[in-house]
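**Student:** Quick one: the structure is below, and I'll ask about it shortly.
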Amino acid sequence: MSYIKSIINNKAKLFLTLIAAVAIMAMLVPASAGNAFIQNMIIMMLLWAGLASAWNIIGGYAGQLSLGHAGFFGIGAYTVVLLAVKLEVSPWLGLIAAVFLAVVAAVIIGWPCFRLQGPFFALATVAVGEVLRILAINFSDLTYGTNGISVKMEFGLGFMLFREKWAYGIMAIAFLALVLYAVKKLEKSRLGYYLVAIREDQDAARSLGVKASRAKLTAYMISAAFTAIGGVIYAQYILYIDPDSVFASALSMQMVLMTIVGGMGTLWGPVLGAVLMVPLDQFIRAYFGGSVHGLHMVIYAVILILVILVIPRGIGPTLSDWVKKYDKKAESEGDRI
Amino acid sequence: MKFRRGKLISLLLLICFAVVSVAGCGGAATEKEPVTTGEVGDTLRLGAIYPLTGPLAKLGQEEQKGAQIAADLRNDAGGINGNKIEWIFADAPTPEAGVSEAERLITVEKVPVIMGSYSSGVAYAASAVAEKNKVIYWENSGVADNITQRGFKYLFRFGITGTSLGETTIKMLRDVIAPELGKDPKDYKIGVIWEDSSFGTSVGQGAIGLAKELGYNVVFTESYSAKTTDLSSLVMKLKQNDIDILIPTSYVADGLLLFKQMQELNFVPEAVIMGGNATQDLKAAMGEKINGLAHSDITQPRTNEAMAPGLEAFMKEYKERYGSEPYSGHVIRAYAGANVLFDVLEKAGSTDADKIAEAARSLDLPLGSTAAGWGVKFAPEGDPMMGTNERAEAYGCIWYKDEIFTVWPVEGQLEDVEVLVPWPAR
Amino acid sequence: MEIWMQILVNGILTGGIFALISIGLTLIFGVMNIINFAHGEFLMISMYLVYWMNVKMGMDPYVAIIFIIPIMFVVGLVVYKATLNPIIERSELFTILMTVALMILLQNLALMLWNADIRSINIDYAASAIGTENIRFGITKIASFAIAIGTAIGLMIILSRTWIGKSIKATSQNRTAAKLMGVDTIRTYTIAFALGIATVGIAGAALAPIFSIYPTVGTQFGTASFVVVVLGGLGNVPGAIIGGLIIGLIDSISGFLLPVGFKEAIYLGVFLLVLLLKPNGLFGQGAAGGGR
């Protein structure tokens, strides 16, 4: 009930809840259930919303520009698929292993790297992501190298593999809900306040007794864990992984881009970013991809540049400000009447 | 009052969003009518997925040309059972894009067949979508062996495998190069190197496999990243191992870098037999120095018509349209593959996947029946390579007088072509 | 023994290439604290320009440098004014993001304009070398090494002797102070960025005879140049030369001792170690270092 009340009070929330409702309906209503292109787009939207939200924890709230999150994504995807293919471990157990490994990797990477600041941290994460990709290619006895691995086509809940699209839709919704729940909790937690304090001024936060490194590392671990879950869902959905697709630096970039377009350091920003960017990407590819080579990526880049120039805080906060302003105006007009 | 207005605004925004996305869908997402081949005069819409942007764009675009020419020529000749063919092309630079474009082609454009896809990664991902939706996936070009090792019922691969590309390098050494040099192939120290994508890896492994089977002396094998900016350390290793016959598999840019650094560092083997990569870019960069370089590759334009019926007509059309030599054999493979697909559709007389699959499996054409010089016989259900064309084999070719000629198998040879070894000339 | 001499020579010559590409990056990075992810794409644009000058006018790539410098300077000027200047006061996140968008834009514009052909400049001396039979020096590599040294010296003269160079230095050391002293920081940034792009333009001309030219060629060099810049210290021009040589040697030696596929991972590993142990680079921040 309180959620409903808060929805009524918060327009941005209402807006996004309605979008989510429409998305869920589009997944389930028979009329569009046959349109797998739209369904696929919604699944990708939800998956990317979850991934961007996971990145938002370390990038948006803590202000640490990680450009190597594809590493965790890849660790998640490879762990679950390799366990299933080599040891016939159920993906559900593989999921736990994936999260565990990603957290361990986050500690190994984060513990030394969080001493670095600003662009140095960003560059270090780029390098780590690249190294993971190269290792995945060259340790081919373990990873099958660039041949990649196909997920075994055994369908059923136990195999986390479904013929029907809506099952993946539910998985992606659950994933997104989980990440958003965690972010929501984080926002109101001590850790959340620490992170924002570190983002605004690390030295000042330190002098007030915030253990900056520990707070950042914790956030990094949480972020990595969720990113790995995203990787698992990707692998189970696309059914084929190789180093160049799941360890790609483009993936890391995309998480960052969506978060920034939507609004960094806000709960709903990354979701909005994904909701806008994924369809944009797919529609312009569908329109121009086959005719003028490269045009659709040019359009994509130009839109990005315009967003950065015109609404740098991201669409989400700008929009909600606009709504608030209108509200106030309406209110004062109401008073006059 | 305040609440209502707020809601109103949100609702308005939502409507805006809905309108934009519906408008966005427009042509892209409104469902098209399914097609039938039942009535004469209908248009038969077929899907084709290639990487048209990104690093693999060049050859993806070439294959697109081959598919288009095949459709146009077939339409001029009456189409398929009187139906005009129309390709719906889609761009898939990554496996993820392959999935979303395959979904779109299947559910929005309602195509009964998807042809593809140059990139093996895209082939893996997109063919899984097709299989789930019971749509035929007609792979002309992905070379990774295990594309067809997944037991897919609706997946057919017309083209060669990487293993075949690798094996032909060794067969060329045995049948063409070594006799020309007047030596026993077993006396050579062979070095096999490959770029580490699935393409290079499968070709390299194919070459090593056959060489060992024949008892040849493979002394050095190593992979490298095609994105590398320096191959001098690899050349130093080749030099140190005293390699006589070099079998490299590369893309164009890294191949050129390799040759440049070989020359700089004074490493001159007896012969170089490349896996794939017989392309115009290679010639443009190397000029006349290219003569004598051998490749195992897809069938080349200069192949005996007796071995590749229909090749001449295609070449004429290509040169008329684009005013140049084809970039490589890729366009021929796409053209020949599309034609076999049209034949299959004609035979099936339906867009039902099971009927098309049945028609495809019933094909039994000997070597030398398609424009690519290959036959057609798909491995039957239950076979570990189910759906792979067993009558496709990489051809051996060599540069002579600045042009590339088929020299292996010998029946494909066009005229007396001189095999200029050792290459490069000392 | 000779083989090891050759490996050292290879490392040093490859290092020269890395150094040349990194000089422009270190200037921009050091002055503005911008990680320019589109750096490799500016290199690609320059390589294409040199290619067309060679094909259409028969111009030698090394002669083309004279024209490339002003052209790329203007390109840098325009790009900076249009995209980066409006957001330079904001968080570095936005500048990074903007350069990523530029990277996507330039790569795909090149694809649209010049398609995906892999082009090469075909000149006689491209693959020739001098030296003894077993210790070889590639001519184009010697040239790019010399150009790297020349560019570095030229840039250092500009930074220390000219008025604009001094204001670049002042701004990078302490922006607020420079502003108070009457330095027009916006103009300084604009010129520093344009200078950096002109420098990578020179690199493009020197690399055009060595490497093939295609829309995504820049990405190959991007990561390596970041490594070099950090090793050498931000804004440290001589540091970039030494950083380049170190990476070149690591590349050459590790490529010989280990499987070649690992060599990129090795230098990235060395990079991470240096970053963690000496975060300011091996030689500290240089003449134009310090950031904001």
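The values are calculated or read from the model by the stated rules, or taken from the named source; none is laboratory data. Computed from a predicted structure; not experimentally measured. Heads up, the Cβs are rebuilt from the backbone with ideal geometry, glycines too, and the neighbour counts pull from every protein chain shown.
**Student:** Considering (1) at the interface with another protein chain (Cβ under 9 Å from one of its Cβ atoms); (2) at pLDDT below 95, say which one B:I193 fails and leave the rest.
**Tutor:** (2)
**Student:** Got a number for residues in the stretch C:100-114 being more than 7 Å from chain A (Cβ to nearest Cβ) and surrounded by fewer than 20 Cβ atoms within 10 Å (Cβ to Cβ)?
**Tutor:** First pass over the stretch C:100-114, keeping only residues more than 7 Å from chain A (Cβ to nearest Cβ): C:102-103, C:106-107, C:110, C:113-114.
Retained after the next criterion (residues that are surrounded by fewer than 20 Cβ atoms within 10 Å (Cβ to Cβ)): C:113-114.
Residues flagged as more than 7 Å from chain A (Cβ to nearest Cβ) and surrounded by fewer than 20 Cβ atoms within 10 Å (Cβ to Cβ) within the stretch C:100-114 amount to 2.
**Student:** Please identify the pairs in which a residue from the stretch B:66-81 that is under 19 Å from B:G116 (Cβ atoms) has its Cβ atom under 9 Å from the Cβ atom of a residue that is of a type in the set (S, T, N, Q) and modelled with pLDDT of 90 or more, counting only partners at least 6 apart or on another chain.
**Tutor:** Within 9 Å, the pairs are B:G66/B:N140; B:A67/B:N140; B:A70/B:N339; B:R74/B:N339.
**Student:** Counting only residues that are assigned to a loop (DSSP other than H, G, I, E, B) and of a type in the set (A, V, I, L, M, F, W, C), how many does the stretch B:141-161 have? Please lay out each step first, then the result.
**Tutor:** Residues of the stretch B:141-161 assigned to a loop (DSSP other than H, G, I, E, B): B:141-144, B:149-154, B:158-161.
Subsequent filtering for residues that are of a type in the set (A, V, I, L, M, F, W, C) retains B:143-144, B:152, B:158, B:160.
Number of matching residues: 5.
**Student:** Can you tell me which residues in the stretch B:221-234 are more than 7 Å from every other protein chain (Cβ to nearest Cβ) and crowded, with 24+ Cβ neighbours inside 10 Å?
**Tutor:** Listed by number, the list holds a single entry, B:L231.
**Student:** In this structure, is B:I245 in contact with a His (Cβ under 8 Å, 6 or more places away or on another chain) and buried (at least 24 other Cβ atoms within 10 Å of the Cβ)?
**Tutor:** So B:I245 fails the test.
**Student:** Let me ask another. For the stretch C:132-147, give me the residue count where each residue is farther than 16 Å from C:M47 by Cβ, surrounded by 24 or more Cβ atoms within 10 Å (Cβ to Cβ) and more than 11 Å from chain B (Cβ to nearest Cβ).
**Tutor:** 1
**Student:** Would you mind stating whether C:A64 is surrounded by 21 or more Cβ atoms within 10 Å (Cβ to Cβ), closer than 18 Å to C:G204 by Cα and within 15 Å of the chain's Cα centre (by Cα)? If you could, list the steps in order and put the result at the bottom.
**Tutor:** Values: surrounded by 21 or more Cβ atoms within 10 Å (Cβ to Cβ): yes; closer than 18 Å to C:G204 by Cα: yes; within 15 Å of the chain's Cα centre (by Cα): no.
Criteria not met by C:A64.
**Student:** If I filter the stretch B:271-295 down to residues being in contact with a strand residue (DSSP E or B) (Cβ under 6 Å, 6 or more places away or on another chain) and assigned to a loop (DSSP other than H, G, I, E, B), which single residue comes out as surrounded by the most Cβ atoms within 10 Å (Cβ to Cβ)? Before you say what the answer is, go through the steps one by one.
**Tutor:** Quick first cut of the stretch B:271-295, residues in contact with a strand residue (DSSP E or B) (Cβ under 6 Å, 6 or more places away or on another chain) only: B:271-276, B:278, B:290-291, B:293-295.
In the following step, the residues that additionally are assigned to a loop (DSSP other than H, G, I, E, B) were identified as B:276, B:278, B:291, B:293.
Values: B:G276: 29, B:A278: 25, B:N291: 20, B:L293: 26.
Going through the qualifying residues, I end up with B:G276.
**Student:** Where residues in the stretch A:280-296 are among the hydrophobic types (A, V, I, L, M, F, W, C), over 21 Å from the mean Cα position of the chain (by Cα) and part of a helix (DSSP H, G or I), which of them is nearest to the other protein chains (Cβ to nearest Cβ)?
**Tutor:** So the first thing to find is which residues in the stretch A:280-296 are among the hydrophobic types (A, V, I, L, M, F, W, C), and the list is A:280, A:283-284, A:286, A:288, A:292, A:295.
Checking the rest, the ones that are also over 21 Å from the mean Cα position of the chain (by Cα) come to A:284, A:286, A:288, A:292, A:295.
Among the residues that remain, those that are also part of a helix (DSSP H, G or I) are: A:284, A:286, A:288, A:295.
Working: A:I284: 9, A:A286: 4, A:F288: 8, A:L295: 6 Å.
Here the residue is A:A286.
**Student:** Now a separate question. Out of the stretch B:246-278, which residues are of a type in the set (S, T, Y) and at pLDDT below 90?
**Tutor:** Filtering the stretch B:246-278 for residues of a type in the set (S, T, Y) gives B:249-251.
Passing the criteria: only B:Y251.
**Student:** Can you say whether A:L157 is among the aliphatic types (A, V, I, L, M) and closer than 25 Å to A:S252 by Cβ, as far as the supplied structure shows? Steps first, please.
**Tutor:** On the way: among the aliphatic types (A, V, I, L, M): yes; closer than 25 Å to A:S252 by Cβ: no.
Criteria not met by A:L157.
**Student:** Against the definition (assigned to a helix (DSSP H, G or I) and either within 29 Å of C:A146 (Cα to Cα) or basic (K, R) (or both)), how does C:A101 come out, yes or no? Spell out how you get there, then give the answer.
**Tutor:** Numbers: assigned to a helix (DSSP H, G or I): yes; either within 29 Å of C:A146 (Cα to Cα) or basic (K, R) (or both): no.
Taking the combined requirement at face value, the residue does not satisfy it.
**Student:** Which members of the stretch C:232-280 meet the condition of being surrounded by 22 or more Cβ atoms within 10 Å (Cβ to Cβ) and in a loop (DSSP other than H, G, I, E, B)?
**Tutor:** C:G233, C:L234, C:G235, C:N236
**Student:** Could you name every one of the helices (runs of 4 or more DSSP H) located completely within the stretch A:79-170 that has at least 3 residues being buried (at least 23 other Cβ atoms within 10 Å of the Cβ)? Outline the logic, then answer.
**Tutor:** Working: elements: A:91-113, A:118-138, A:140-143.
Passing ranges, in order: A:91-113, A:118-138.
**Student:** Return the total of residues in the stretch C:224-261 being at pLDDT 90 or above and facing another protein chain (nearest Cβ under 7 Å).
**Tutor:** So the count comes out to 6.
**Student:** Could you tell me how many of the residues in the stretch C:160-216 are of a type in the set (F, W, Y), buried (at least 20 other Cβ atoms within 10 Å of the Cβ) and in a helix (DSSP H, G or I)? Reasoning before the result, please.
**Tutor:** To start, the set of residues in the stretch C:160-216 that are of a type in the set (F, W, Y) comprises C:163, C:189, C:193, C:211, C:214.
Imposing the further condition that a residue be buried (at least 20 other Cβ atoms within 10 Å of the Cβ) reduces the set to C:189, C:193, C:211, C:214.
Narrowing the set further to residues that are in a helix (DSSP H, G or I) leaves C:189, C:193.
The total comes to 2.
**Student:** Pick from A:I58, A:I75, A:I38: which is within 14 Å of chain B (Cβ to nearest Cβ) and assigned to a helix (DSSP H, G or I)? Spell out how you get there, then give the answer.
**Tutor:** On the way: A:I58 fails: within 14 Å of chain B (Cβ to nearest Cβ); A:I75 fails: within 14 Å of chain B (Cβ to nearest Cβ).
Just a single option satisfies the conditions, and that option is A:I38.
**Student:** For A:S223, indicate whether it is over 18 Å from A:N56 (Cα atoms) and either buried (at least 20 other Cβ atoms within 10 Å of the Cβ) or acidic (D, E) (or both).
**Tutor:** On the way: over 18 Å from A:N56 (Cα atoms): no; either buried (at least 20 other Cβ atoms within 10 Å of the Cβ) or acidic (D, E) (or both): yes.
Taking the combined requirement at face value, the residue does not satisfy it.
**Student:** Has the stretch B:210-220 got any residue that is surrounded by fewer than 23 Cβ atoms within 10 Å (Cβ to Cβ), out of contact with any Ser or Thr (no Cβ under 9 Å at 6 or more places or on another chain) and within 14 Å of chain C (Cβ to nearest Cβ)?
**Tutor:** Checking the stretch B:210-220: at least one residue is surrounded by fewer than 23 Cβ atoms within 10 Å (Cβ to Cβ), out of contact with any Ser or Thr (no Cβ under 9 Å at 6 or more places or on another chain) and within 14 Å of chain C (Cβ to nearest Cβ).
**Student:** Something else now. What are the pairs with Cβ atoms under 7 angstrom where one residue, in the stretch A:56-73, is farther than 16 Å from A:R115 by Cβ and the other, located anywhere, is among the basic types (K, R)? Sequence gap at least six, or different chains.
**Tutor:** Pairs that qualify, where the first residue is farther than 16 Å from A:R115 by Cβ and the partner is among the basic types (K, R), are A:Y61/A:R199.
**Student:** Quick check on the stretch A:253-260. Is at least one of its residues of a type in the set (S, T, N, Q), over 30 Å from A:T146 (Cβ atoms), within 14 Å of chain B (Cβ to nearest Cβ) and assigned to a helix (DSSP H, G or I)?
**Tutor:** The answer is no; no qualifying residue exists.
**Student:** Sticking with this structure for a sec: Of all residues in the stretch C:115-131, which are in a loop (DSSP other than H, G, I, E, B) and either away from chain B (no Cβ under 11 Å) or at negative phi (or both)?
**Tutor:** So in the stretch C:115-131, the residues in a loop (DSSP other than H, G, I, E, B) come out as C:115-118, C:120-123, C:128.
Within the stretch C:115-131, C:A116, C:D117, C:I118, C:S120, C:I121, C:N122, C:I123, C:S128 qualify.
**Student:** Scan the stretch B:142-187 for residues that are surrounded by fewer than 23 Cβ atoms within 10 Å (Cβ to Cβ) and farther than 26 Å from B:Q413 by Cα and jot them down.
**Tutor:** B:D145, B:N146, B:Q149, B:R150, B:G151, B:F152, B:K153, B:Y154, B:D187
**Student:** Applying the selection to the stretch A:181-218, what residues are assigned to a helix (DSSP H, G or I) and among the hydroxyl-bearing types (S, T, Y)?
**Tutor:** First, pick out the residues of the stretch A:181-218 that are assigned to a helix (DSSP H, G or I): A:181-188, A:190-200, A:202-207, A:212-218.
Once the filter is applied, which keeps residues that are assigned to a helix (DSSP H, G or I) and among the hydroxyl-bearing types (S, T, Y), the stretch A:181-218 yields A:Y181, A:Y193, A:Y194, A:S207, A:S213, A:T218.
**Student:** So which residues in the stretch B:202-239 are touching a Lys or Arg at 6+ places or on another chain (Cβ under 9 Å), among the polar types (S, T, N, Q) and assigned to a loop (DSSP other than H, G, I, E, B), if there are any at all?
**Tutor:** Across the stretch B:202-239, the qualifying residues are B:S225, B:T228.
**Student:** Please indicate, with yes or no, whether at least one residue in the stretch B:212-220 is charged (D, E, K, R) and closer than 16 Å to A:G145 by Cβ. Before you say what the answer is, go through the steps one by one.
**Tutor:** Just the residues of the stretch B:212-220 that are charged (D, E, K, R), to begin with: B:212-213.
Cutting the leftovers down to closer than 16 Å to A:G145 by Cβ gives us none.
Looking for residues that are charged (D, E, K, R) and closer than 16 Å to A:G145 by Cβ, one finds none in the stretch B:212-220, hence no.
**Student:** What is the residue count in the stretch A:297-315 for residues that are touching a residue at least 40 places away in the same chain (Cβ under 8 Å) and assigned to a helix (DSSP H, G or I)? Full working, then the answer.
**Tutor:** Of the residues in the stretch A:297-315, the ones touching a residue at least 40 places away in the same chain (Cβ under 8 Å) are A:304, A:307-308, A:313-315.
Now drop any that are not assigned to a helix (DSSP H, G or I), which leaves A:304, A:307-308, A:315.
Counting residues in the stretch A:297-315 that are touching a residue at least 40 places away in the same chain (Cβ under 8 Å) and assigned to a helix (DSSP H, G or I) gives 4.
**Student:** Quick check on the stretch C:212-223: of everything there that is modelled with pLDDT of 90 or more and more than 7 Å from chain B (Cβ to nearest Cβ), which residue is nearest to C:T99 (Cα to Cα)?
**Tutor:** For the stretch C:212-223, the residue satisfying everything is C:G218.
**Student:** While we're on this one: Is it the case that the stretch A:99-116 has a residue that's under 30 Å from C:V227 (Cβ atoms), under 20 Å from the mean Cα position of the chain (by Cα), within 14 Å of chain C (Cβ to nearest Cβ) and of a type outside the set (G, A, S)?
**Tutor:** yes
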